[in-house]
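Asker: Please read through the structure below; I'll follow up with questions.
The values are calculated or read from the model by the stated rules, or taken from the named source; none is laboratory data. This structure is a prediction, so every number in the text was calculated from the model and none was measured. In this analysis, Cβ positions are derived from the backbone assuming ideal geometry, glycine residues included, and neighbour counts consider all displayed protein chains.
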Amino acid sequence: MGKRPDPLPADPRVFKRYKVVRCPRCNRIQAVMAVKTFRCMFCGHRRPMREVRILYATDDPREAAEAAKAIKEAHFSRKPG
Ligand SMILES: [Zn+2]
């Protein structure tokens, strides 16, 4: 993936209660409740939410946890090529 020339437009899913995102710095998958500022629970990286790609959004905490788990598994089991 190359660089993006422009910041992403605001994602309306940011207003869902839980967002599954990947930290742009440490690449860890996590569910967050932030609307304005993402703060990584692992490395402490901060970034405006509109610059963080939302992988999944839901109002249901269980669904958020399951989505985060599924995305992590997909991410780490991805084979090269
Ligand atoms: Zn991080």
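Asker: Which one is modelled with the highest pLDDT among residues in the stretch 1-42 that are farther than 20 Å from Ala68 by Cβ and touching a helix residue (DSSP H, G or I) at 6+ places or on another chain (Cβ under 8 Å)?
Answerer: So the residue we want is Lys36.
Asker: Those residues that are modelled with pLDDT under 95 and among the aromatic types (Phe, Trp, Tyr), I need them from the stretch 43-81; list them, please.
Answerer: If the condition is that a residue be modelled with pLDDT under 95 and among the aromatic types (Phe, Trp, Tyr), then Phe76 is the only one that fits.
Asker: Just name the residue that is surrounded by the most Cβ atoms within 10 Å (Cβ to Cβ) out of those in the stretch 67-77 that are more than 16 Å from the ligand (Cβ to nearest atom) and within 10 Å of Val20 (Cβ to Cβ).
Answerer: The first filter runs over the stretch 67-77 and keeps only residues more than 16 Å from the ligand (Cβ to nearest atom), leaving 67, 69-70, 73-74, 77.
Okay, now just the ones that are also within 10 Å of Val20 (Cβ to Cβ), so 67, 69-70.
On the way: Ala67: 20, Lys69: 13, Ala70: 14.
Out of the qualifying residues, it is Ala67.
Asker: Sticking with this structure for a sec: I'd like the full set of residues that are free of Cβ contacts under 8 Å to residues at least 24 places away in the same chain and either outside any loop (DSSP other than H, G, I, E, B) or near the ligand (Cβ under 6 Å from one of its atoms) (or both), limited to the stretch 24-42.
Answerer: Arg25, Cys26, Arg28, Val32, Thr37, Phe38, Arg39, Cys40, Phe42
Asker: For the stretch 40-81, what are the residues that are of a type in the set (Ser, Thr, Tyr) and more than 21 Å from Phe15 (Cβ to Cβ)?
Answerer: Start the filter on the stretch 40-81 by keeping residues that are of a type in the set (Ser, Thr, Tyr), which leaves 56, 58, 77.
Residue satisfying the conditions is Ser77 alone.
Asker: I'm trying to understand the selection: among the residues of the stretch 43-81, which are of a type in the set (Val, Ile, Thr) and in a loop (DSSP other than H, G, I, E, B)? Quick ask: steps written out before the conclusion?
Answerer: Let us first name the residues in the stretch 43-81 that are of a type in the set (Val, Ile, Thr), namely 52, 54, 58, 71.
Scanning the stretch 43-81 gives a single hit, Val52.
Asker: Is it the case that the stretch 53-66 has a residue that's within 14 Å of the ligand (Cβ to nearest atom) and surrounded by 18 or more Cβ atoms within 10 Å (Cβ to Cβ)?
Answerer: Residues of the stretch 53-66 that are within 14 Å of the ligand (Cβ to nearest atom), as a first pass: 53.
Checking which are surrounded by 18 or more Cβ atoms within 10 Å (Cβ to Cβ) leaves us with none.
No, the conditions are met nowhere in the stretch 53-66.
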